[in-house]
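Reading through the structure tokens given below for one structure.
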Amino acid sequence: MSQADFFSHLKTGVSMDRLTPYYSASRLSDSEALGIYTWNLALCESLYPALNCLEISLRNSIHEAAIQDFGTVQWFQECLHPQEFETVNQLHRELGSIGKANGPSELVSNLTLGFWLSLFRTRYEQVLWPRLLESVFPHCNRNLRTRREIYSRLESIRRLRNRVFHHEPIWHLPDLAEQHALILETIGWISPAMLAMTRLLDRFDSVYTRGSQPLAVELETIAQSWNA
């Protein structure tokens, strides 16, 4: 097989529909465009530990703070708007219908990030916030610890998370490094211990700094010796 065959197979495997944004960046060769695509995959992978640790620590921190405030693990019953209440009930029914445990801890671990962010909307002002803010984010600067500020930050992170998990381009985002830093900072607001664990796996900075060019060169090297 020739070098052109290697890149042809890659383009078929990924699909040109998915690759078009990478080729559209400028007049790029196959190795350059696919180098950016590969770099994008690496960037998404490198963000996974931070996004995972933020989501887990956020939902557990809200849950624990609400238990303490309402005095029951069934705090869902006490304060939710009908829309969120139905989301919880539907999940409860779905878990039960497939024979899975559907108690409070199972609900917490299966509710989406979107659900937890919905609790920061205006309708929960004076219901959950601001009284739970210090318990949920004990290490946040008081000047930043407002429902509005935190909701805006979490919503921005959620949008990035969705791009990552749906295999969309993120390499071109001008504030990607800043968003990564905000994710880490937010984890630290909740739990410095979780932040320390996250940093054990976090390699975003090295992946981001490396860029796409070394990957393009490596793809060229593979293509030149390709004979599958």
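The values are calculated or read from the model by the stated rules, or taken from the named source; none is laboratory data. Here the structure is a predicted model, which is why all the values come from computation and not from measurement. Backbone-built Cβ (ideal geometry, glycine too); neighbour counts: all protein chains shown. Side chains are part of the model used for accessible areas, which takes the heavy atoms of the whole protein and leaves out ligands, DNA and RNA. Shrake-Rupley method; radii C 1.70, N 1.55, O 1.52, S 1.80 Å.
Look at segment 1-21 and say how many of its residues are in contact (Cβ under 8 Å) with a residue 24 or more places away in the chain, polar (S, T, N, Q) and not in a helix (DSSP H, G or I).
Here the count works out to 1.
Only one residue in S31, S26, S105 is assigned to a helix (DSSP H, G or I), open to solvent by less than 70 Å² (accessible area, probe 1.4 Å) and either among the small types (G, A, S) or modelled with pLDDT of 95 or more (or both), so which one is that?
Details: S26 fails: assigned to a helix (DSSP H, G or I); S105 fails: open to solvent by less than 70 Å² (accessible area, probe 1.4 Å).
Just a single option satisfies the conditions, and that option is S31.
Right, R199: within 25 Å of A65 (Cβ to Cβ) and free of Cβ contacts under 8 Å to residues at least 24 places away in the same chain or not? I'd like the intermediate steps shown before the answer.
On the way: within 25 Å of A65 (Cβ to Cβ): yes; free of Cβ contacts under 8 Å to residues at least 24 places away in the same chain: yes.
The answer is yes for R199.
Going by the conditions given, is G96 in a helix (DSSP H, G or I), over 22 Å from the mean Cα position of the chain (by Cα) and surrounded by fewer than 15 Cβ atoms within 10 Å (Cβ to Cβ)?
Numbers: in a helix (DSSP H, G or I): yes; over 22 Å from the mean Cα position of the chain (by Cα): yes; surrounded by fewer than 15 Cβ atoms within 10 Å (Cβ to Cβ): yes.
Yes, satisfied.
Scanning segment 108-129 for residues that are in contact with a helix residue (DSSP H, G or I) (Cβ under 6 Å, 6 or more places away or on another chain) and part of a loop (DSSP other than H, G, I, E, B), which turns out least open to solvent (accessible area, probe 1.4 Å)?
F120
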